[in-house]
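This report concerns only the one structure given below.
The values are calculated or read from the model by the stated rules, or taken from the named source; none is laboratory data. From a predicted model like this one, the values you see are computed outputs, not experimental measurements. Glycine gets a Cβ as well: all are built from the backbone with ideal geometry, and neighbour counts include every protein chain shown.
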Amino acid sequence: MKKTLSNYYLATAFIFIAVVTLIITAISHSTQYMVLNSSTQEIRENILQNYKDELKNRVEVVEQFIEQKNSLVREQLESDIRNRVYEAYDIAYNLHEKYKKTKSAQEIKAIIKESLRQIKFNDGRGYFFIDDTSGNCILYPIRPSLEGTNIINLQDVNQKYVIKEFISTALAKNEGYTSYFTYKYKYKEDAKRYEKVTFVKLFEPYNWVIGTGEYLEDVKKDIQKEIAQIINTIRLYN
């Protein structure tokens with residue numbers, strides 16, 4: 001009887017220990033699962049937050065770039081056309097110095113004209129023009145029929161005397177900026193008036209006014225293309 005009772009207590013103890021062990025194991029596994037699940041969720045949230053922060057930073061950088069570029073449109077335009085006219089002036093001056101002892105003034109003028117006529121820039125829309133201080137058109141590549149005629153009374157769409165202002169600016173300061181509004185010859189069906197900014201410089205040997213201009217609208221479009229390319233690059237490496 002005592003042996004049977006002893007075996008009973010022993011079996012009960014084993015069962016109790018087994019149950020407790022099972023409970024502890026279950027709790028341990030459950031805890032590990034909860035910790036693992038919590039860690040995975042936390043990692044996922046951290047990665048997502050980091051991605052959002054990075055995306056926000058990139059958007060802010062692009063916005064700042066766009067704002068900066070837009071604020072500098074006119075400044076960039078003026079710098080570009082000024083440098084172009086300086087290039088044209090240097091070409092004219094060097095040709096004049098090269099031939100002044102061997103060729104006539106008329107021959108040198110023709111050489112300078114044809115040299116500048118061939119130069120195009122800004123995707124082909126940029127060109128040089130030359131007027132003399134009396135308003136005679138010397139070089140006008142997009143409308144060569146005007147060359148040799150007097151255009152002193154040429155006005156823009158707001159009745160502003162464009163050529164007179166070119167001449168007065170060049171004579172007063174030797175060089176400078178002017179602007180006027182016109183329709184684009186390329187788009188005759190477009191009734192919108194576009195502002196064109198011009199830089200002119202006096203070429204003293206022949207009393208010429210050498211210049212070039214650019215539509216403000218075209219520069220804005222160029223900048224928009226540049227911005228779009230940068231945004232596409234950011235997307236590519238995202």
Failed criterion for Ile142 (all others in (1) in contact with a Phe, Trp or Tyr (Cβ under 8 Å, 6 or more places away or on another chain); (2) buried (at least 18 other Cβ atoms within 10 Å of the Cβ); (3) among the aliphatic types (A, V, I, L, M) hold): (2)
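Of the residues Leu116, Leu139, Leu146, which single one is over 31 Å from the mean Cα position of the chain (by Cα) and of a type in the set (A, V, I, L, M)? Talk me through it step by step, then tell me what you get.
Values: Leu116 fails: over 31 Å from the mean Cα position of the chain (by Cα); Leu139 fails: over 31 Å from the mean Cα position of the chain (by Cα).
After ruling out the rest, the residue left standing is Leu146.
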Enumerated strands (runs of 3 or more DSSP E) restricted to the stretch 93-195, each holding at least 2 residues that are among the β-branched types (Val, Ile, Thr): 175-182
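Taking Tyr194, is it of a type outside the set (Val, Ile, Thr), out of contact with any Gly (no Cβ under 7 Å at 6 or more places or on another chain) and within 21 Å of Arg82 (Cβ to Cβ)? Show your work before the answer.
Values: of a type outside the set (Val, Ile, Thr): yes; out of contact with any Gly (no Cβ under 7 Å at 6 or more places or on another chain): yes; within 21 Å of Arg82 (Cβ to Cβ): yes.
For Tyr194, the condition - of a type outside the set (Val, Ile, Thr), out of contact with any Gly (no Cβ under 7 Å at 6 or more places or on another chain) and within 21 Å of Arg82 (Cβ to Cβ) - is met.
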Restricting the stretch 196-238 to residues that are part of a loop (DSSP other than H, G, I, E, B) and not aromatic (Phe, Trp, Tyr), the residue that is modelled with the highest pLDDT: Asn207
